[in-house]
Structures are given as structure tokens and as C-alpha cells.
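Engineer: Handing you this structure, nothing more for now.
The values are calculated or read from the model by the stated rules, or taken from the named source; none is laboratory data. Keep in mind the model is a prediction, meaning the values are calculated, not measured. Counting neighbours? That spans all protein chains shown, and the Cβs are built from the backbone with ideal geometry, glycine included.
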Amino acid sequence: MPRHFLRDDDLTPAEQREVLRRALELRAEPFARTPLAGPQSVALLFDKPTLRTQASFSAGIAELGGFPMVVDGRLAQVGVRESVADVTRVLDRQVSAIVWRTFGQERLDEMAAVSAVPVVNALTDQFHPCQILADLLTVAQHRGGLDALPGQRLAYVGDAANNMGASYLIGGATAGLHVLVGGPEGYQPDADVVRRAEEIAATTGGSVTVTTDDPAAAVADADVVVTDTWVSMGDEESAAQRVQDLSPYQVTPELMDRARPDAIFLHCLPAYRGKEVAAEVIDGPRSAVWDEAENRRHAQKAVLTFLLEQR
Ligand code: NVA
């Protein structure tokens, strides 16, 4: 059975550390590992919009010696034109791994259950685990290496009910971070996700704190302040309501001042200046968002090499 990366806790704390170690190695030496030499192909299947994910996986797969086979979800119509299982059985005869951005996590689970090759979550409605690996790498980069990760205080504010909120909780707890999430009533993380993150944090020395209606409390003394769009892909219909509900959570220079003086700002992008973040913050000296976007490539290459070795 192949190993998959469907959610953040598919890697144990030791495995996550090994992946991050490889990512640092690959950042220093991009062509150090070429497990896809041939080239072998990796399918990149997108049911939702993409920029960073397509670019970073494509460049990364090429650096691993492979061929990135982009499959347009609008043409493939997975689950409409043919079933998830049939699509998977066709693709896994052509490629060495499948990377999929889609809607419900259950679609990815269905693919993983029948796939003969590793399946990687490139974002679902529930999780975005590749992004969190890139973010952990960015924190390590700005804090003196992987050993500095455990104990960092990461505050995620805004739509804490979305995929990024869930992945920060579980992936951050796996790395031994103190994860603080803050969002208003109605935008709180799923209770199962919080429970799972607490369970992991208890083994790594990290912790999980969920706050409501006080963005300043969430970011107090944070080493890392993070936010995400208030309107995730698929939430467009409730956009106006979301902007109204979440407006107190904009990351402003004043909110950043509640964090530690050397705190960095992260955002998975795309960013909406004047909505979830003020331009002065994302375009200011404490922002590490471009390193973060670059680190997608290194982190994803590392996770692919790890999964391909487990077969
Ligand atoms: N929460 C956002 C993340 C985008 C990378 C979304 O799902 O649209």
C-alpha cells in the first residue's frame, strides 16, 4: 500500500521533522534528489483555481527529474463524467503520484483508498497540509533552523473554521508549536480538529488555544501572526456577510504591535489588502510571504521524495 499525504496528521512528528529536514536540504541544493528521473510523471489535478500550487509543484517535480502532468479538472470532471475510483485507476497506471486539489476531503479519501500510487492533498475544503509544511519551513528559516520550531507561538486570526485554520492546528501541534486561533462566533474550528490537535500537542510539548471575539488576545506575544482570505474558494456566495463578520480581525499594524517585536507575518496567498490584512503589514518589513510562497516548492519536493520511498 502506498503512503498518502491527505491531512497534516498523516505525518508523525518525527516524519514531519524528516520532511522539513529534507526540504531545507533541497532548498540549499535543488537537484540533490532525483527520484523521478526518467522522467516519471506526477499528475496535478485541479478542481479549483490555483497559482502557487501549480507553479510550485510543476517546478519542483521537474527539479526531481520528473514530468508534471497538469490535468484540468474542468475537462476531467471527476465524479461527474466518471467516478473518482475510475479516474484514479486510469491515472495510477500512468503516473508515480497524484496531487489533487478538490472540494470535500471524502473525495480525496476515496481516491487514496484505491490508488496504487501516493496521493497528495493540494487543498480541500477541510485541509491544506502542503501549505503548513511550507509555513513551518518559513518559520524555521526566520528563527534559526528546525530546532527553533518547538515552542514558537503561532497566532492564526480570521476565518478559523476554514482549511488553513484546521491545518495550522494539526500541523502546528505536530511541530510542537503553541497554536492560537482567533475568530468570531460562527468562524470557529471544528471540534474534532481541535481535539485531534490537542491530542498531538500533548505528545509534542505544543498547545492549542481557541479564542473568540478578541483578536488582540489571540496575537498577544505571538512569534508568528498569520491570516487567510475571509472568502475561501467555494464561499463566494456568503462573501458580503463574511467581510462584515470578520472585519474586526484585519491584521493591521496595531494588531501586529500586540505580537512580539520580532514577530513575522505569514499569509498563504492570494491576499486581499484592506480586507484580512492591511497593505502596510503584508508589504512591510515583518512580512515573510514571498519566502513562504517559495518554500511551497521545497516542502512539496520533500514530501514527494518521502512518500515515493515508502512504497
Ligand atoms: N482558505 C483558502 C486558501 C487558499 C490557498 C481557500 O480555500 O480558498
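Engineer: Restricting attention to the range 95-107, does a residue exist that is under 30 Å from residue 207 (Cβ atoms), touching a residue at least 60 places away in the same chain (Cβ under 8 Å) and of a type in the set (A, V, I, L, M)?
Structural biologist: Checked against the condition, which is being under 30 Å from residue 207 (Cβ atoms), touching a residue at least 60 places away in the same chain (Cβ under 8 Å) and of a type in the set (A, V, I, L, M), the range 95-107 yields no hits at all.
Engineer: Suppose we filter the range 94-113 for residues that are assigned to a strand (DSSP E or B) and farther than 12 Å from residue 68 by Cα; how many remain?
Structural biologist: Just the residues of the range 94-113 that are assigned to a strand (DSSP E or B), to begin with: 97-101.
Among the residues that remain, those that are also farther than 12 Å from residue 68 by Cα are: 100-101.
Residues meeting the conditions: 2.
Engineer: Which one of 59, 14, 116, 55 is assigned to a loop (DSSP other than H, G, I, E, B) and either among the acidic types (Asp, Glu) or surrounded by fewer than 22 Cβ atoms within 10 Å (Cβ to Cβ) (or both)? Please lay out each step first, then the result.
Structural biologist: On the way: 59 fails: assigned to a loop (DSSP other than H, G, I, E, B); 14 fails: assigned to a loop (DSSP other than H, G, I, E, B); 55 fails: assigned to a loop (DSSP other than H, G, I, E, B).
Result: 116 is the single residue among 59, 14, 116, 55 that is assigned to a loop (DSSP other than H, G, I, E, B) and either among the acidic types (Asp, Glu) or surrounded by fewer than 22 Cβ atoms within 10 Å (Cβ to Cβ) (or both).
Engineer: Right, another one. Six or more apart or on different chains, Cβ under 7 Å: which pairs go from a residue in the range 165-178 that's within 16 Å of residue 192 (Cβ to Cβ) to one that's outside any helix (DSSP H, G or I) and among the hydroxyl-bearing types (Ser, Thr, Tyr)? Could you list them?
Structural biologist: Partner pairs satisfying both residue conditions: 165/156; 168/156.
Engineer: Okay, next question. Restricting to the range 259-286, and then to whatever is in a strand (DSSP E or B) and surrounded by 20 or more Cβ atoms within 10 Å (Cβ to Cβ), can you tell me which residue is nearest to the ligand (Cβ to nearest atom)?
Structural biologist: Narrowing the range 259-286 to residues in a strand (DSSP E or B): 264-267, 273, 277.
Imposing the further condition that a residue be surrounded by 20 or more Cβ atoms within 10 Å (Cβ to Cβ) reduces the set to 264-267, 277.
Numbers: 264: 19, 265: 16, 266: 12, 267: 9, 277: 14 Å.
Only one residue fits best here, namely 267.
Engineer: To continue, here is another question. Taking residue 218 and the conditions (1) assigned to a helix (DSSP H, G or I); (2) within 29 Å of residue 103 (Cβ to Cβ); (3) modelled with pLDDT of 95 or more; (4) away from the ligand (no atom under 14 Å from the Cβ), which numbered condition does it fall short on, given that it satisfies the others?
Structural biologist: Only one criterion in (1) assigned to a helix (DSSP H, G or I); (2) within 29 Å of residue 103 (Cβ to Cβ); (3) modelled with pLDDT of 95 or more; (4) away from the ligand (no atom under 14 Å from the Cβ) is unmet by residue 218, namely (3).
Engineer: Please pick out the residue among 228, 223 that is of a type in the set (Asp, Glu), crowded, with 18+ Cβ neighbours inside 10 Å, farther than 20 Å from residue 14 by Cα and within 16 Å of the ligand (Cβ to nearest atom).
Structural biologist: Values: 223 fails: within 16 Å of the ligand (Cβ to nearest atom).
Just one listed residue meets the conditions, 228.
Engineer: Kindly establish whether residue 166 is assigned to a helix (DSSP H, G or I) and within 14 Å of the ligand (Cβ to nearest atom). Lay out the reasoning, then the answer.
Structural biologist: Details: assigned to a helix (DSSP H, G or I): yes; within 14 Å of the ligand (Cβ to nearest atom): yes.
Taking the combined requirement at face value, the residue satisfies it.
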